[in-house]
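Enquirer: A single structure is presented below for examination.
Only the coordinates and a few stated rules stand behind these numbers; no lab work does. All figures in this text were calculated on a predicted structure; none of them were measured in a lab. Note that we place each Cβ from the backbone using ideal geometry, even for glycine, and neighbour counts take in every protein chain shown.
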Amino acid sequence: MDKSDRKILEALQEDASIPLAELADRVGLTATPCWRRVQRLEEKGWISKRVALLNPMHLNLGVTVFVSIRTNSHDMKWLAAFHGLVSAIPEVVDFYRLAGQADYLLRVVVPDIAAYDRVYKRLISGSELADVTSSFAMEKIKSTTKLPLDYA
């Protein structure tokens, strides 16, 4: 990855819908070499997908809940079933397996506490869990999909 590739990634992280001519101009290339670089970055996996970021408030999803889960089960059968259960819940937008006191961390977006309660009941009825701790976000201070490129 060279300086031009980093510039392309930086620009696409800001706006993946940028027209090719504008992207090429911004990174100091002509359109064809710029397009080839974008294609290569996609083929090599540097760009995994291009998406539209939606405004949760316009979709009536103003409540964000961080859910820490501990379990006493750590066998592969339970793991597969739990991953399937959580992955099938559309309100769960982030799902991490952790090292430390909690085994899993979920980020859930819902319109209100009643909707979260339905998600919670789906979680506890579908899997054996030792502890579920829910923390409701009061204010979003920083949220970005933009990754730092200094380490590439």
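Enquirer: What is the helix-to-structure angle for 76-87, meaning the angle in degrees between its Cα long axis and the longest Cα principal axis of the chain, kept from 0 to 90 and rounded to the nearest 10?
Expert: 70
Enquirer: I'd like the Karplus ³J(HN,Hα) series for region 102-116: coefficients 6.51, -1.76, 1.60, θ = phi - 60°, whole numbers in Hz, and an x wherever there's a Gly or Pro.
Expert: 8, 8, 9, 10, 10, 10, 10, 10, 8, x, 6, 5, 4, 5, 5
Enquirer: Name the residue from ALA81, PRO56, THR30 whose Cα lies farthest towards the positive end of the charge dipole of region 28-96, charges +1 on Cβ of Lys and Arg and -1 on Cβ of Asp and Glu.
Expert: Farthest towards the positive end: THR30.
Enquirer: Here is a follow-up. Estimate the FRET efficiency between ILE89 and ALA130 by the formula 1/(1 + (r/R0)^6), using the beta-carbon distance for r and 22 Å for R0, to the nearest 0.05.
Expert: Details: r = 19 Å, r/R0 = 0.88.
Working from the Cβ atoms, E equals 0.70.
Enquirer: For helix 3-14, what angle does its Cα long axis make with the longest principal axis of the chain, in degrees from 0 to 90 and rounded to 10?
Expert: 50
Enquirer: Just check region 3-43 against the gyration tensor rule for me: Cα atoms, a ≥ b ≥ c as the square roots of the eigenvalues, rounded for a/c under 1.5, and otherwise prolate or oblate depending on whether a/b exceeds b/c.
Expert: Working: a/c = 1.25, a/b = 1.03, b/c = 1.22.
Because its axes are fairly even, with a/c under 1.5, region 3-43 counts as rounded.
Enquirer: For region 12-77 and region 118-152, what is the centre-to-centre distance using only Cα atoms, to the nearest Å?
Expert: 19
Enquirer: Reachable lysines from LYS121, Cα under 25 Å, same-chain residues fewer than 8 places away excluded?
Expert: LYS77
Enquirer: Do you know the relative contact order of region 3-43, to the nearest whole percent, from alpha carbon pairs under 8 angstrom that are 6+ apart? Before the final figure, lay out the partial values.
Expert: On the way: 22 pairs, mean separation 15.5, N = 41.
Relative contact order, region 3-43: 38 percent.
Enquirer: Measure nothing fancy, just the Cα-based angle from helix 31-43's long axis to the longest principal axis of the chain, in degrees from 0 to 90, nearest 10.
Expert: The answer is roughly 30 degrees.
Enquirer: How much of the calculated P(r) for region 63-136 lies past 16 Å, in percent of all Cα pairs?
Expert: Numbers: 1144 of 2701 pairs.
Across region 63-136, Cα pairs with separations above 16 Å total 42 percent.
Enquirer: Would you list, by chain and number, the lysines whose Cα falls below 20 Å from the Cα of LYS3, excluding same-chain residues fewer than 8 positions away?
Expert: The reachable lysines, counting only those whose Cα sits under 20 Å from LYS3, are LYS44, LYS146.
Enquirer: Where the only charges are on Cβ atoms (+1 Lys, Arg; -1 Asp, Glu), what is the dipole of the chain about its Cα centre, to the nearest 20 debye?
Expert: Working: 20 positive and 19 negative charges, 56 e Å.
Once rounded to the nearest 20, the dipole reads 260 debye.
Enquirer: Let me ask you something else. Counting only C-alpha contacts under 8 Å and six or more residues apart, can you give the relative contact order of the chain as a whole percent? Intermediate results must be reported in sequence, preceding the final value.
Expert: Details: 161 pairs, mean separation 40.2, N = 152.
26 percent.
Enquirer: Considering only DSSP states other than H, G, I, E and B, which trypsin sites (Lys or Arg not before Pro) in region 44-94 qualify as loop sites with at most 16 other Cβ atoms within 10 Å? Can you show the working numbers first?
Expert: Numbers: sites: LYS44, LYS49, ARG50, ARG70, LYS77; in loops: LYS44, LYS49, ARG50.
Those satisfying the criteria are LYS44, LYS49, ARG50.
Enquirer: Could you give each residue of region 129-139 its phi-based ³J(HN,Hα) in whole Hz, using Karplus coefficients 6.51, -1.76, 1.60 with θ = phi - 60°, and x for Gly or Pro?
Expert: Per-residue couplings from phi come out as 10, 7, 7, 10, 10, 10, 10, 8, 5, 8, 8 Hz.
Enquirer: Could you pull out the trypsin sites (Lys or Arg not before Pro) across region 93-145 that fall in loop regions by DSSP (anything but H, G, I, E, B) with no more than 12 other Cβ atoms inside 10 Å? Please list the in-between numbers first.
Expert: Values: sites: ARG97, ARG107, ARG118, LYS121, ARG122, LYS140, LYS142; in loops: LYS140, LYS142.
When the trypsin sites (Lys or Arg not before Pro) of region 93-145 are filtered for loop state and at most 12 Cβ neighbours within 10 Å, LYS140, LYS142 remain.
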